[in-house]
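Chemist: Got a structure here, written out as structure tokens. Questions coming.
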Amino acid sequence: MLDAKMIRANPDAVEAALRNRNMPGALDNFLELDEQRRSLLGQVEEIKKFRNQASQEVGKLKKQGLDAAELMEKVRLVGQEIKELDEKLNLIESGIEKILLNIPNIPHESVPVGEDESSNQEMRLWGEPRKFDFEPLAHWDIGPNLDILDFERAAKLSGARFTVYKGWGARLERAVINFFLDTHSKHGYQEIFPPFMVTADCMRGTGQLPKFADDMFKIEGRDMYMVPTAEVPLTNLYREEILEERDLPLYMTAYTACFRAEAGSHGRDTRGIIRQHQFNKVELVKIVAAENSYDELEKLTLDAERVLQLLGLPYRVILLSSGDMGFSSAKTYDLEVWMPSYNEYKEISSCSNCEDFQARRANIRYRPGSKEKIRYVHTLNGSGVAAGRTVAAILENYQQKDGSVLVPEVLRPYMGGLERIEK
RNA sequence: GGAGAGAUGGCCGAGUUGGCUGAAGGCGCUCGCCUGCUAAGCGAGUAUACGGCUAAUACCUGUAUCGAGGGUUCGAAUCCCUCUCUCUCCGCCA
């Protein structure tokens with residue numbers, strides 16, 4: 001959520017930034033409503049002031065044993081007026097809130113302006129795609145061949161876009177998750193194991209609601225949702241709190257299953273485990289003071305990159321353009337891992353600085369110094385990284401001519417020492 | 001699922017015969033004093049949001065806020081209703 005005062009002071013700049021995000025007109029009639037609100041607020045407050053003074057007067061008169069009937073009647077009539085104005089005001093304020101909740105974050109000045117992914121910038125490249133001396137298979141063939149991924153039986157259980165992992169496949173998924181958590185814990189992130197279902201308030205706090213309700217799985221009969229990412233529970237852990245400066249920065253990491261309805265994406269990545277309704281992910285979340293949030297974004301991205309490096313998976317880092325960024329983000333780096341089956345790099349992590357956008361929605365603040373005013377924190381999040389896509393990348397990048405798959409060295413301790421998955 | 005207790009400021013905790021109570025007291029924190037240092041002690045200060053005024057996110061000023069929403073009343077932290085959450089006991093359950 002943007003600061004209403006900021007919009008009021010720089011409407012043109014905000015409008016321009018929203019155009020860059022392909023959201024022209026998102027400001028809607030905010031300015032008119034805001035103007036109406038302030039004038040109405042002035043009126044009601046004036047009347048309330050009178051009521052407060054008059055009521056006190058009534059108290060005094062009664063205490064002296066004097067007649068206060070006339071004044072009481074006057075205040076009673078004014079009460080009607082207050083009620084009507086308050087209702088009008090509530091209507092306007094909910095209109096303003098609706099607009100504000102649907103406005104995306106403003107891109108940081110370092111973000112390239114562009115309509116879509118064609119304006120993204122490649123920041124760096126790590127590793128080199130392997131040259132195969134045989135025709136490499138896609139993971140959706142390797143998995144069933146080794147009997148470690150079972151798409152057909154998964155469909156029997158849950159329909160399309162679900163996968164059953166079996167045997168060493170199941171073990172590999174778990175190994176990857178544990179390796180991620182251990183690595184991030186070692187680098188200062190506190191491990192958290194949150195609920196997989198959260199309230200609508202949480203979803204509003206991180207920006208999934210109200211705009212993206214269709215992307216999520218809602219719990220029947222409850223105001224709750226399956227988490228689409230651990231970013232939601234982790235960031236909302238400190239919702240409605242005032243933190244002390246010494247508490248910051250907070251670094252957290254968590255494994256959760258992630259649940260996404262992904263309405264509208266049907267037809268993309270239909271094969272394999274790239275796009276699923278349920279997938280596993282280890283997330284990184286930081287809650288920091290405003291001054292260092294961009295340094296923290298660089299460090300968080302490097303923390304996410306580290307696990308790919310340790311796994312020996314080639315990847316690149318992409319700076320997303322203004323038109324390609326997520327709703328809550330002010331600046332996002334995507335990590336893309338090399339996938340031989342696609343013969344291109346495929347998103348495996350997204351690292352964002354949301355600045356105070358989520359903090360405003362979730363009301364997460366901190367006390368900078370003893371004398372200074374309370375301020376909103378900055379929140380950051382990044383996948384560290386998606387487990388399912390990592391398993392797919394391992395299967396494809398580590399496949400051998402005989403159909404077996406080498407286990408990356410760092411994962412072997414998590415696989416009972418296994419060096420190679422074979423039939 | 002059944003029965004009961006509770007929800008107050010950064011934290012703890014008063015206040016429930018309705019009326020200067022935005023809210024006692026304590027802790028914490030800040031500034032100052034004091035004492036070789038530290039600890040202790042003394043004094044002062046210390047909520048948030050949204051308006052108005054303003055160059056100001058500084059003063060000053062107004063309104064709102066005692067879990068949330070609604071009601072009664074001239075006036076509600078205090079009375080009534082609904083909801084949410086927490087705790088205790090019973091049942092059920094991994």
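The values are calculated or read from the model by the stated rules, or taken from the named source; none is laboratory data. As the structure is a computational prediction, the values presented were derived from the model and not from experiment. Cβ atoms come from the backbone with ideal geometry, glycine included; neighbour counts cover every protein chain shown.
Chemist: Of everything in the stretch A:58-73, what is near RNA strand B (Cβ under 8 Å from one of its atoms) and either surrounded by 14 or more Cβ atoms within 10 Å (Cβ to Cβ) or within 20 Å of A:Leu85 (Cα to Cα) (or both)? Give them in sequence order.
Modeler: A:Val58, A:Ala68, A:Leu71, A:Met72, A:Glu73
Chemist: Within the stretch A:240-267, work out how many residues are at pLDDT 90 or above and among the basic types (Lys, Arg).
Modeler: 1
Chemist: Checking A:Glu122 against (1) charged (D, E, K, R); (2) exposed (fewer than 14 other Cβ atoms within 10 Å of the Cβ); (3) part of a loop (DSSP other than H, G, I, E, B), only one condition comes out false. Which one?
Modeler: Checking A:Glu122 against (1) charged (D, E, K, R); (2) exposed (fewer than 14 other Cβ atoms within 10 Å of the Cβ); (3) part of a loop (DSSP other than H, G, I, E, B), the one that fails is (3).
Chemist: Is one or more of the residues making up the stretch A:145-155 basic (Lys, Arg) and closer than 24 Å to A:Asp356 by Cβ?
Modeler: So in the stretch A:145-155, the residues basic (Lys, Arg) come out as A:153.
When the remaining residues are screened for being closer than 24 Å to A:Asp356 by Cβ, the result is none.
Scanning the stretch A:145-155, I find no residue that is basic (Lys, Arg) and closer than 24 Å to A:Asp356 by Cβ, so the answer is no.
Chemist: Here's a follow-up. Do we find a residue being touching a Phe, Trp or Tyr at 6+ places or on another chain (Cβ under 9 Å) and farther than 18 Å from A:Met216 by Cα anywhere in the stretch A:254-262?
Modeler: Within the stretch A:254-262, one or more residues are touching a Phe, Trp or Tyr at 6+ places or on another chain (Cβ under 9 Å) and farther than 18 Å from A:Met216 by Cα.
Chemist: List the residue pairs whose Cβ atoms are under 6 Å apart, where the first residue sits in the stretch A:65-76 and is in a helix (DSSP H, G or I), the second is within 9 Å of RNA strand B (Cβ to nearest atom), and the two are 6 or more positions apart or on different chains.
Modeler: Pairs that qualify, where the first residue is in a helix (DSSP H, G or I) and the partner is within 9 Å of RNA strand B (Cβ to nearest atom), are A:Leu71/A:Ala54; A:Leu71/A:Val58; A:Met72/A:Val58; A:Val75/A:Arg51; A:Val75/A:Ala54.
Chemist: Also, I was wondering about something else. Which numbered condition trips up A:Trp168, out of (1) closer than 28 Å to A:Ala392 by Cβ; (2) without any contact (Cβ under 8 Å) to a residue 40 or more places away in the chain?
Modeler: Unmet condition: (2).
Chemist: A further question on this structure: Mind counting the residues in the stretch A:186-209 that are part of a loop (DSSP other than H, G, I, E, B) and farther than 30 Å from A:Ile374 by Cα?
Modeler: Adding up the residues that qualify gives 1.
Chemist: Ok, one more. Select from the stretch A:2-28 the residues that are part of a loop (DSSP other than H, G, I, E, B) and in contact (Cβ under 8 Å) with a residue 40 or more places away in the chain and write down the one among them that is nearest to RNA strand B (Cβ to nearest atom).
Modeler: A:Asp3
Chemist: Pick out the one residue from A:Pro24, A:Pro11 that is under 23 Å from the mean Cα position of the chain (by Cα), surrounded by fewer than 17 Cβ atoms within 10 Å (Cβ to Cβ) and more than 14 Å from A:Asn105 (Cβ to Cβ).
Modeler: Sole residue among the options that is under 23 Å from the mean Cα position of the chain (by Cα), surrounded by fewer than 17 Cβ atoms within 10 Å (Cβ to Cβ) and more than 14 Å from A:Asn105 (Cβ to Cβ): A:Pro24.
Chemist: Which of the residues that make up the stretch A:383-417 are out of contact with any Phe, Trp or Tyr (no Cβ under 7 Å at 6 or more places or on another chain), of a type outside the set (Asp, Glu) and surrounded by fewer than 24 Cβ atoms within 10 Å (Cβ to Cβ)?
Modeler: Within the stretch A:383-417, A:Tyr398, A:Gln400, A:Gly403, A:Ser404, A:Val407, A:Arg412, A:Pro413, A:Met415, A:Gly416, A:Gly417 qualify.
Chemist: What are the residues in the stretch A:40-49 that are among the hydrophobic types (A, V, I, L, M, F, W, C), within 8 Å of RNA strand B (Cβ to nearest atom) and closer than 15 Å to A:Gln80 by Cα, if any?
Modeler: Hit for the stretch A:40-49 is A:Val44, nothing else.
Chemist: Across the stretch A:361-408, what is the number of residues that are within 16 Å of RNA strand B (Cβ to nearest atom), more than 14 Å from the chain's Cα centre (by Cα) and touching a residue at least 60 places away in the same chain (Cβ under 8 Å)?
Modeler: 11
Chemist: For the list (1) in a helix (DSSP H, G or I); (2) under 22 Å from the mean Cα position of the chain (by Cα); (3) farther than 25 Å from A:Ile394 by Cβ; (4) not charged (D, E, K, R), I need the number of the one condition that A:Val113 fails.
Modeler: Answer for A:Val113: the failing condition is (1).
Chemist: Give the residues of the stretch A:183-211 that are surrounded by fewer than 16 Cβ atoms within 10 Å (Cβ to Cβ) and closer than 23 Å to A:Leu310 by Cα, sorted by residue number.
Modeler: Of everything in the stretch A:183-211, those that are surrounded by fewer than 16 Cβ atoms within 10 Å (Cβ to Cβ) and closer than 23 Å to A:Leu310 by Cα turn out to be A:Ser185, A:Lys186, A:His187, A:Gly188, A:Gln190, A:Glu191.
Chemist: How about the stretch A:87-113: which of its residues are surrounded by 15 or more Cβ atoms within 10 Å (Cβ to Cβ) and small (Gly, Ala, Ser)?
Modeler: Selection gives A:Gly95 alone.
Chemist: Another question, then. Any residue at all in the stretch A:331-344 that's within 14 Å of RNA strand B (Cβ to nearest atom), over 16 Å from A:Gln309 (Cα atoms) and surrounded by 21 or more Cβ atoms within 10 Å (Cβ to Cβ)?
Modeler: No, every residue in the stretch A:331-344 fails to be within 14 Å of RNA strand B (Cβ to nearest atom), over 16 Å from A:Gln309 (Cα atoms) and surrounded by 21 or more Cβ atoms within 10 Å (Cβ to Cβ).
Chemist: Out of curiosity, is A:Leu100 within 12 Å of RNA strand B (Cβ to nearest atom), in a helix (DSSP H, G or I), among the hydrophobic types (A, V, I, L, M, F, W, C) and closer than 30 Å to A:Glu117 by Cβ?
Modeler: Details: within 12 Å of RNA strand B (Cβ to nearest atom): yes; in a helix (DSSP H, G or I): yes; among the hydrophobic types (A, V, I, L, M, F, W, C): yes; closer than 30 Å to A:Glu117 by Cβ: yes.
Answer is yes for this residue.
Chemist: Of the residues in the stretch A:280-306, how many are out of contact with any strand residue (DSSP E or B) (no Cβ under 6 Å at 6 or more places or on another chain) and either at pLDDT below 95 or surrounded by 24 or more Cβ atoms within 10 Å (Cβ to Cβ) (or both)?
Modeler: 3
Chemist: Shifting gears a bit: For the list (1) at pLDDT below 95; (2) surrounded by 24 or more Cβ atoms within 10 Å (Cβ to Cβ), I need the number of the one condition that A:Arg375 fails.
Modeler: Of (1) at pLDDT below 95; (2) surrounded by 24 or more Cβ atoms within 10 Å (Cβ to Cβ), only one is false for A:Arg375: (2).
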